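See below for the structure under consideration.
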Amino acid sequence: MSTPSIPRLPADHSETEVAAALDEWGCCVIEGAAAAVVMDEIAAELAPYARQSEPGDSDFAGAGTRRTGLVLNRSPAYRRIAMHPSVLAAGNHVLGGAPSWNLSSVGFFELFPGEPKQLLHRDIWKYGVEGIPGEVDLNGIWAVTDFSAENGGTHVIPGSHLWDDGRRPAPDESLPAEMQKGSLLLYTGRTFHGGGSNVSERVRIGLSVQHSAGWLVQTEMLMVECPPAEVADWPDDLIRFIGYQWRGPAVGKYGDHEDPFVLVEQARAARSR
Ligand SMILES: O=C(O)CCC(=O)C(=O)O
Ligand SMILES: [Fe+2]
């Protein structure tokens, strides 16, 4: 049986279309979700840091892959697309059953020529917990360069979000998400995927964005990485999106049972004194 193709939506898709694609296939490509120049800006902002990053130290991380973090701090261009309408539509649909959901991690992934195919996996394996009910992550990869079958464009298995927990993919069951710079592959935490093999002569760059239900620990300690004084000038909705918000009826409190956004207000007040 051949693998069904990855659904593709235009940038002006409706919320219903992205919801239907994620329900049925667990993944979709949003063509041209951002302008190519935005991707160039992100790449330029992160290049000085990426040059200092070490290659991966495990099979999963990949000896031919460099992963660079602190993207929110280092890339104002990423901050402008962190709450892209397609991400919000997808997250609201997949994670909207939770009291809140938020950004969990952002990584700049450079796959160099010669890097082999990554293990096909579900991102929820990162929690190390068996039997997680339903979907708790809504993730994506922005094509910072074009993604092709040759340069290691992310592989995905449409429909695999519905597989039983014990089922494992055959090596040839996945398909590469071929997409132009500025397109976005969205996939749920249960959908099998992984970096492709880069048999081209050029680096493939993807910006991995992970989002999770608010009651989960974030993959990165975003509020430590982005302390109140640093985020004070950012838009309020982005600040809340990285975690400065009450996450549920009684989680995410700060101090005397306050909303952690009060930390940002304090940083703003201190600044204007
Ligand atoms: O770089 C890629 O294409 C995918 C990476 C990935 O899925 C991961 O590291 O979890
Ligand atoms: Fe992954």
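What pairs come out if I take residues in the stretch 57-82 that are under 12 Å from Trp234 (Cβ atoms) and pair them with residues that are more than 16 Å from ligand 2 (Cβ to nearest atom) and assigned to a loop (DSSP other than H, G, I, E, B) whose C-beta lies under 6 Å away, six or more apart or interchain?
What qualifies is Leu72/Cys226.
Among the residues of the stretch 168-189, count how many are of a type in the set (Ser, Thr, Tyr) and part of a loop (DSSP other than H, G, I, E, B).
Matching residues across the stretch 168-189 total 2.
Among the residues of the stretch 169-199, which ones are more than 10 Å from ligand 1 (Cβ to nearest atom), small (Gly, Ala, Ser) and crowded, with 18+ Cβ neighbours inside 10 Å?
Ser174, Gly182, Ser183, Gly189, Ser197
Filter the stretch 125-137 down to residues that are more than 10 Å from ligand 2 (Cβ to nearest atom) and touching a residue at least 60 places away in the same chain (Cβ under 8 Å) and give me whichever is farthest from Ser212 (Cα to Cα). Let's see the steps before the verdict.
Looking only at the stretch 125-137, we keep the residues that are more than 10 Å from ligand 2 (Cβ to nearest atom), and these are 127-136.
In the following step, the residues that additionally are touching a residue at least 60 places away in the same chain (Cβ under 8 Å) were identified as 127, 136.
Working: Tyr127: 11, Val136: 6 Å.
The qualifying residue farthest from Ser212 (Cα to Cα) is Tyr127.
Going through the stretch 102-123 one residue at a time, which ones are within 13 Å of ligand 2 (Cβ to nearest atom) and not aliphatic (A, V, I, L, M)?
Ser104, Ser105, Gly107, Phe109, Lys117, Gln118, His121, Arg122, Asp123 - these are the residues of the stretch 102-123 that are within 13 Å of ligand 2 (Cβ to nearest atom) and not aliphatic (A, V, I, L, M).
Within 16 Å of ligand 2 (Cβ to nearest atom) and either at pLDDT below 95 or farther than 30 Å from Gly114 by Cα (or both): is that true of Ser272 in this structure?
No; evaluated as a whole, the condition is false for this residue.
Being more than 25 Å from Ala35 (Cβ to Cβ) and within 11 Å of ligand 1 (Cβ to nearest atom) is the requirement here; does Gly206 meet it?
Values: more than 25 Å from Ala35 (Cβ to Cβ): no; within 11 Å of ligand 1 (Cβ to nearest atom): yes.
In short, no.
Could you run through the stretch 138-167 and say how many residues are within 15 Å of ligand 2 (Cβ to nearest atom) and either over 21 Å from Gly196 (Cβ atoms) or assigned to a loop (DSSP other than H, G, I, E, B) (or both)?
5
The values are calculated or read from the model by the stated rules, or taken from the named source; none is laboratory data. Note that the structure is predicted; figures quoted are calculated from it, not measured. Ideal geometry is used to build each Cβ from the backbone, glycine not excepted, and the neighbour counts take in all protein chains shown.
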